[in-house]
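Below you'll find the structure, written out as structure tokens, and then a few comments.
The values are calculated or read from the model by the stated rules, or taken from the named source; none is laboratory data. The shown structure was predicted, so the numbers you read here are calculated from the model rather than taken from an experiment. With ideal geometry, Cβ positions are generated from the backbone for all residues, glycine too; neighbour counts draw on all protein chains shown. What goes into the accessible areas is simple: the full protein's heavy atoms, side chains included, and nothing from ligands, DNA or RNA. Shrake-Rupley method; radii C 1.70, N 1.55, O 1.52, S 1.80 Å.
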Amino acid sequence: MEAPPRKIIHIDMDAFYASVEQRDDPSLRGKALAVGGGGPRGVVATASYEARKFGVRSAMPGARARRLCPDLLFVRPRFEVYRTVSAQVREIFARFTDIIQPLSLDEAYLDVTMNKPGLASATRIAEEIRRLIREETGLTASAGVSYNKLIAKLASDQNKPDGICVVRPEEGAAFIAKMPVRRIHGVGPVTAKRMQALGIETGADLRARELAFLQQHFGSAALFYYRASRGEDDRPVHERQERKSVSVEDTFFDDLLTEDVLMTEIDRIADNLWGRIEKSGAYGRTVVLKIKFADFRIITRSKSFAASVRSPDLLAETGRGLLRAQLPLRMGARLLGLGVHNLDHEEPEGEAGEQLSLSL
């Protein structure tokens, strides 16, 4: 017998960082707001819906955002607060299902085919989740409800903010047909341009192309595009995976160069990291330092121990030692990070010692 369709919900918090800031500071409500940096190299992390009316978007340079919206207010991100709220939201998800796949702090897939309350309607579950989020966090979320991940994610964006969109199995192909290909999750900006150059603007255009044609132009991704254009997607919702590492990193508005400032920051990061380690019980044997320079080059340095690091003093001392070995820095540090890997539940990656990697 054919298995019944899955019931998938995609929950997406509305302008998450900006909404948290407006919730916590009533003076920001109703105003064009950007979370991020408004300086020469600042970037918008999230924009409120008031700012989006002017064309301000996530990942936009702060200077450009100011040109689009001269009255735009910038606030610095408070990631610890956002993580706390995200954890509240995920706890709400867990009341309905354990099959949860977070994509970021503000969005996740839920498989509610078999759910804890035993509700037959995925739409009812999505509405209940949205209600609980509003009551318990003071924030709004939008939801897409469908029979697969691809359409559920597209649907969650249809009626934002604070909306819901339901796409049933018999409606999937028609729903995709009207969709611009650039909006289909899995079609990146470069691929969208290539498709447009081939006359493929919508899901209907994509569906009109033979698989052989798509393979010729898009290689191994062709089958996904072919099936997506027909509303087909059999990817499962992945449950929470076992933690591989714990880390904390901070990006600075001004590059750090002097030893005193660098050491002060790495001590602060180590202190925050230790709090997370104790909270999660995720002790590891390898301490990893990450430095991103002003030119965006990244280096990591690591030191491994025979047993897991169980002391905040040892963690901070190791972080300082790894950082001190890089002094003087060739240029200012834009970002510092510290983490622990090779957690207790994992097999060792190799013999104890220092390792080096470099990425651009």
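Okay, here's what the table says:
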| read-out | value |
| --- | --- |
| Inter-label distance, nm, simple model (7 Å from Cα along the C-beta direction), ASP260/SER58 | 3.9 |
| Coil-residue chymotrypsin sites (Phe, Trp or Tyr not before Pro) of the stretch 253-296, DSSP, other Cβ within 10 Å capped at 11 | PHE296 |
| Relative contact order (%) - the stretch 185-232, alpha-carbon pairs under 8 angstrom, separation at least six | 29 |
| THR264 - accessible surface, heavy atoms, 1.4 Å probe, Å² rounded to 10 | 90 |
| Largest to smallest accessible area among ASP313, ASP111 [probe 1.4 Å] | ASP313, ASP111 |
| Violating pairs (Cα-Cα greater than 23 angstrom) within the set LYS7/LYS153; LYS116/LYS149; LYS53/LYS149; LYS153/LYS193 | LYS53/LYS149 |
| Kirkwood-based Rg to Rh ratio, the stretch 1-144, C-alpha trace | 1.07 |
| Pair SER308, GLN88: separation of 7 Å Cα→Cβ label points (nm) | 3.0 |
| Debye, to nearest 20: dipole size of the chain, +1 on Lys, Arg Cβ, -1 on Asp, Glu Cβ | 1120 |
| Rounded percent of accessible protein surface that carbon and sulfur make up, the chain, 1.4 Å probe | 51 |
| Cβ-derived FRET efficiency at R0 22 Å, ASP234 paired with VAL190, nearest 0.05 | 0.30 |
| Identified option (computed Cα Rg over 2.2 N^0.38 Å; candidates (i) 0.97; (ii) 1.12; (iii) 0.93) | (ii) |
| Alpha-carbon radius of gyration plus Dmax, which is the widest Cα pair, for the stretch 179-285 in Å | 23.1, 63 |
| Dipole of the chain, positive end: most advanced residue of ALA212, GLY62, ILE299 [Cβ charges, Cα centre] | ALA212 |
| Relative contact order (percent, whole number), the chain, Cα cutoff 8 Å, 6+ residue spacing | 13 |
| Rounded tilt (10° steps) of 79-94 against the dominant C-alpha axis of the chain | 40 |
| Net charge dipole size for the stretch 195-285 [Lys, Arg +1 and Asp, Glu -1 on Cβ; Debye, nearest 20] | 780 |
| The chain: angle of helix 259-280 to the longest principal axis, Cα-based, in degrees nearest 10 | 60 |
| Helix axis angle, 312-324 relative to the chain longest principal axis, alpha carbon, degrees | 80 |
| Contour excess over end-to-end distance, with Cα ends at ARG324 and ARG268 and 0.36 nm allotted per residue | 18.6 nm |
| Alpha-carbon spread of the stretch 201-344, three principal axes, descending order, Å | 62, 35, 24 |
